Every structure is written in C-alpha cells, then in structure tokens.
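Data block below; observations after.
FYI, it's all coordinate maths here, none of it is from the lab. It should be emphasised that the depicted structure is a prediction, and the values quoted were computed from it without experimental measurement. Positions of Cβ are generated from backbone atoms using ideal geometry, with glycine treated the same way; all protein chains shown enter the neighbour counts.
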Amino acid sequence: MSNSTVGSPEGFTVGRGVAWLVMGLFLAATLFPIYWTLRSAMSTNAGLISAPGNILPVDVLEGEAAEGAQVGLTGRATTTRATGINIERVITDVSLEENEAAGGSGQNFDLLTALRNSMVVATVVTIGQVLFCAFAAYAFARLKFRGQNLVFALYLSALMVPPIFSLIPNFLFIRDLPSWVPFTDDQFGWINTLPGIIAPFFLMTPFAVFFLRQFFLGISKEVEEAAVLDGAGHLRRFFQVIMPMASAPLFTLAILTYVTSWNEFLWPFVVGKNEEVRVLTVALNEFKAQTPGTTAPDWTGLMAASFVSSVPILVLFAIFGRRVVDSIGFSGIK
Amino acid sequence: MTAGQLGANDLVADAAVPKPPKRNREERALDGGWKVAFWFLLPSLLGFLIFYLIPTIRAIRISFTEDSLTSRNPAEWIGAENYRELWSDDRFWDSVWVTLKFVAMNIGSQTILALILAVMMDRLTRSLIVRGILLVPWVLPNVLVAMLWLFLLDPRVGFVNSVIESLGFSASSFLNDSTLVVPAMAFINTWKFTGYTALLLFAGMQTIPRNLYEAGALDGSSEMTMFRTITLPLLKPVLALVMVVSLIGSFQMFDVAQTASGGLGGETGGPSGASRVIYIYIYENAFLFRNKFGYAAAMATVLMGFLMFVTLAQLRLLRANESDLA
C-alpha cells in the first residue's frame, strides 16, 4: 500500500472547490430521503398535506391545518402530539382513538411481529450460511480431492442462475414437502412457515463459499502443519486454526449475509405472506398495498413503519460499516 | 482396522526408506481426500443440489408442461407450446420492451453518476465516512427504498412535487403516469445503486499507477485531460465488468416495481402495464394468474438464457480487454 499521494492534497483550486460542492450535493441527495422518512414519521397526516415541503416535522391537527407549517415549530404541547405516536402505533397496539388522533386509518401495523420474524430469519440464515460455507471453503482451499475444481466450478455456476428461475421449483419443493418433515402444514408443506423462508439460504450461497475460499487460501499452511504434528484432526484444525485466523473475513461475511437476508424480498414475499410469519420487507409492501390511494392515505404510519424497519440495518451499518465498505470491490475486481 | 494396517505398513516403509513415506502421510493428513472433503462439503452440497441444481433442471422441465393450478399432478407434457405462446404474447413483448427501457435508463444514469463520483473520490478524498454515507442506500432494503420514493414522488404530499410547484410548474404523479413511471423507477434504482457502483469503480481506480497522474500533472494536463487519457482507458476492464454486473441486476428488478410502480393505491406494473417489467410479468403468471407455472417457467428460462449470454459475452469482452492492457 504505497499511497504516497493519498488524496493528492495539492491545495485549494477553483476546480477542487467545485468538485467538493458536487460531492456535497451527492452526499446530501443520499441522506435526504432517509431524513425525510424520519421527518414525516414525526408529522401528522394533516400536517403533511398542509406543508409538504416543510423541512421540519409538521405537527398540526386537522383544524389547525390552515395555519400552516409554523405551528409545528412552536410550543412543546403540539410537538409531543405526533412525534412519538406514529412510531409507537406502528410497533404496538395503541388504542383506536389514539390511532385516529394521530391520523391513522385504524389500519393495524403489527410491526413488532415482522421485526421479530426478520431477526429470527436473518440470524438463523447468517449462522447456517457462514458456518456451512466455511466448511465448504475449507474443503476447497485446504483439502485435495478428485473433482475439486469441477465441484467448485459448479458451485460458482450457480451464481448465474437468476433467483426468479429457481423460484418456481423451489416454491413447489417447499409446498410439496412430505408431512413427516418437521414444521410442515398438512396441505402446504413449509409455505407460510419460518423454516420455509429460511431454507434456501441456510445451507449455502455461491458467493459465501467463493468469498471465504479466497481468504482461506491466504492462510499460511505452516500453522496448520504444526497442528497436524500435534495430532489435530481436520475438524480440530478447522475450528482451532482456520476459524480463528479467518475471524475477520468470517465476521465481514456474517454482516453481509445478515444485511442481505434482512433485505430479501422476492422469496419471503412468495412463501411467507401470512401475518404471523411475514418479515419486514413483506410487511412493508403489504402495508403499502392495503393503504388506499385516494382517501386520506396514512402516510405518517407508512413512514414510521419504514423508519422503524431501517433502524436495525442503519445501526448495524454505523457500527460495522468499515468492514462492509472495505469488502466492496472484493467480489467484482481481481 | 484399516488404520492399524496403515500404521504397520508405514513402520515397514519407515525401516526401508526413512523420509518419503512419512512425508506422504503428513501430506495426506493435510489434504484429506474425498473421505474428509465429503463431510466438509455435505451441508453446502445439499443446499446446492436442493436449491440450485435440481431446481434448474426442474424449471426447464416445468417449462415444457402445462403445470398450473387447474392441472395439478402430474402436469401434462406439452412440448414447446409455452414457448410458442410466449412468442405471440403481446404482453410478454411489452414487458420486454419496458424492461429494456428501464435497464437503459438505469444503467446509463447510474454508470455516469458513479463514474463522476468515483473520480471525485479518487482525486479528492479517501474518507471512510464519505464512502460509508454513499453506501447507505445500498444497505437499505429495496422495498424500503421504494417506499421512501413513493412518498417523495407522491403527487399530493411529496417533497419533489412541492419543489416543482414552488418553481412554478405543475405537479406530476410520476409513478402513476404512463410516460414517467419507467424513468421514475430507473431514477429510484439509480439512487439506490450509484454509491455502490462508485465504490466498485473507485476500487478499480486504485490499481492505476499513481505516477501516471504525477507525470500528467507535471505535463500540465488538466484533470479532465487526465480523466480522458489515463483513468478511462485503464479503467475500461473494470468499467465493463461493473456495467455488466449492474446490467444483469437491473434486468432482474422486482422489489421496487412491486412496491412503488403504479403509485400509492395504483396497480402494480401500472398504470395499465406501463411499468410491468419482466420479473413482474413472470411473478404474475406464476402466482397471480391461476399459477401458470409452466408458462412462467418458460419465460424465466428465456430470461436465464439471455442473461447467460450476456455473462459469457462479458467474459469474452474482459479477456479481450485484458490482453489489450497487458
């Protein structure tokens, strides 16, 4: 890493000033929609209609709408009215009166269930996928067996299969699972169950195997040889030598897998629409689908739900962002 | 039993030629062979077989049957009938056209913006915070991104329209407007992927030798000239790769269309099919129109064939480019 001219600090020129300005615009355009969700979640529906362009939360009720945007900025009493309530009402069951007072249409956002489902799915998928793909990566990077390259090439070729292509057969497979399989429904197998949502991502993804194999190849053989002399078997070498030495890429992969799993939509949308099992992405899409377009849509509810679903990912990203950022460019280049 | 025998043989061998056999055994212990590899591969192999390999074969088979809700078990084999139907299905060709428009707009705007961003990052700052912020849209769920823009582009309470109106123009219902819905979706996807694409290009730029820029600066070349004569030609292979990867992703856009197209209260893929991309049409056939799995699978097979063609073309292109640069 010989970055002698890192950032090339050649001092200020007009060109660089303009470039910084453009960069600032890009950053603002990136962050603004996310801020806007929060701003709107903190507003009332009447407020959103009265001042759609107001930068701060608009916290007015029906009767005050005419007074416009400033109302929301004055006094504590008005501020507390909307702010918390939208987020509160999409997570928990608030009373119908409270819901309507906040401009809700009485529609039930049961976000807590969806949050829980998303967490269960993402956690189980991450643990399974990282562990099993690490096993596979060990076989490809550290063992030698006949047909090794062929099997690896086959795994990689799965990268070319578009999700929609395997969607139908996977759906049929999950639906037609025999009844002796645990957690199946008599009629529809694993449809509308958490195992059904988890299954296709639990055992492997080609990317995870490829990603870990690259790192395992880079671990020096000497440490492993020392372990062999100590009489360590493959399993012990895997858990006591490879896993600790590759803990950084394993952790990075775990974060990427968690985020990907959290964001997955097509598969859970097809197999898990029931309220008890649906994950956040499916729930969000469902809230939108149920909201009427013409008569007083509950925008603050939708925005509060959106905001709440983004929080776990944003927090995760804020803490482990460096790993994610550093991993970009890994898959495509080199 | 075998272990004992092996040990005995080794002892004999040890007596005759001390070193090589021992080495051999160590190597075997290191390498494992199929017996060990099998157990390490077992879980992923199961996942690969059940959710990738068998489904691939099965999907192609289904595409030659009349599998649907009305014809359950076993579905009738109808040969290439689905493909023939596809050929004369106007809706299918419409959705192909919509997808192509979307991809062209999306990839065009996204690549240009990402290139600008990447160059600016390369020449201005390596700040992790800047890169982190630019990556935020990429880590958010597509459905959520669709939701944000559904609201921002709303004709009555959306921020974008309030700005447009304050500038004296009339508001537009972007996502429920048959001419604007595809550009609007392309814009949403661009917002989501520009930062990510820029980071990929930025990573590619780090392989360009710095002294080329130093030499350029000594020659008095402007940043624009250096971009044209140094960055762009040397970035070509990475740029091609990134474009093809985004292209393949863009062809498979589903989440944003499912959530945002048609606007709030409008029909998905609407208005009247103006935003029905190929993924939406396949989904509709498989899961909305009486589960026409056979027909949907035929469409998915055509799509996969096309994307594989793109991928292989990409590999060709890359190899050609690589030799150019070497």
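Think of chain B as a dipole: +1 on every Lys or Arg Cβ, -1 on every Asp or Glu Cβ, centred on the Cα centre; then among B:A286, B:V157, B:L241, B:L241 lies furthest on the positive end. Within the stretch A:126-147, which residues have the backbone N less than 17 Å from the label spot 7 Å out from B:K35 along Cα→beta-carbon, could you tell me? Residues A:143-146 fall inside that zone. Hydrophobic, long helices, defined as DSSP H runs whose alpha-carbon span along the helix axis is 20 Å or greater and whose mean Kyte-Doolittle value is at least 0.5, occur in chain B at B:90-124, B:181-205, B:232-251, B:293-325.
Working note: Karplus 6.51/-1.76/1.60 with θ = phi - 60° gives the stretch A:165-182 the couplings 6, 8, 4, 5, x, 5, 4, 5, 4, 5, 5, 9, 4, x, 6, 6, 5, x Hz, where Gly and Pro are set to x. Here the stretch A:100-199 is treated with +1 on each Lys and Arg Cβ and -1 on each Asp and Glu Cβ, and its dipole about the Cα centre works out to around 740 debye.
Averaged over the residues of B:172-181, the number of partner chain Cβ atoms lying within 10 Å of the residue Cβ comes to 0.
Averaged over the residues of A:129-141, the number of partner chain Cβ atoms lying within 10 Å of the residue Cβ comes to 4.
Take each residue of peptide B:156-164, count the partner chain Cβ atoms within 10 Å of its Cβ, and average: the result is 5. Between A:D176 and A:D230, the simple spin-label model (points 7 angstrom out along Cα→Cβ) gives 5.1 nm. Per-residue 3J(HN,Hα) values for the stretch B:284-292, derived from phi via the Karplus relation 6.51 cos²θ - 1.76 cosθ + 1.60 with θ = phi - 60°, read 4, 5, 6, 10, 10, 7, 6, 6, 7 Hz in sequence order (x marks Gly and Pro).
Separation of the stretch B:166-184 and the stretch B:204-240 by C-alpha centroid, Å? Value for the Cα centre distance between the two parts: 39 Å. Per-residue Karplus couplings for the stretch A:121-128, computed as 6.51 cos²θ - 1.76 cosθ + 1.60 with θ equal to phi - 60°, are listed in order as 4, 4, 5, 5, 4, 4, 4, x Hz, Gly and Pro entered as x.
Scanning residues 5 or more positions from A:L203 or on other chains, none has an amide H under 5 Å from its amide H, with H placed 1.01 Å from N in the peptide plane. Mark the label point 7 Å from the Cα of A:R322 along Cα→Cβ and return the residues of the stretch B:118-142 whose backbone N is within less than 12 Å of it. Under 12 Å, as judged by backbone N against the label point of A:R322, lie B:128-129 of the stretch B:118-142. Projected label points at A:I127 and A:A248, each 7 Å from Cα along the beta carbon direction, are separated by 2.7 nanometres. Which shape class applies to the stretch B:91-325: rounded if a/c is under 1.5, otherwise prolate when a/b exceeds b/c and oblate if not, where a ≥ b ≥ c are the square roots of the Cα gyration tensor eigenvalues? Oblate is the answer for the stretch B:91-325, as a/c is 1.5 or above yet b/c matches or exceeds a/b. Taking amide hydrogens as placed 1.01 Å from N in the peptide plane, the amide H of A:K144 sits under 5 Å from those of B:G32, B:G33, each at least 5 positions away in sequence or on another chain.
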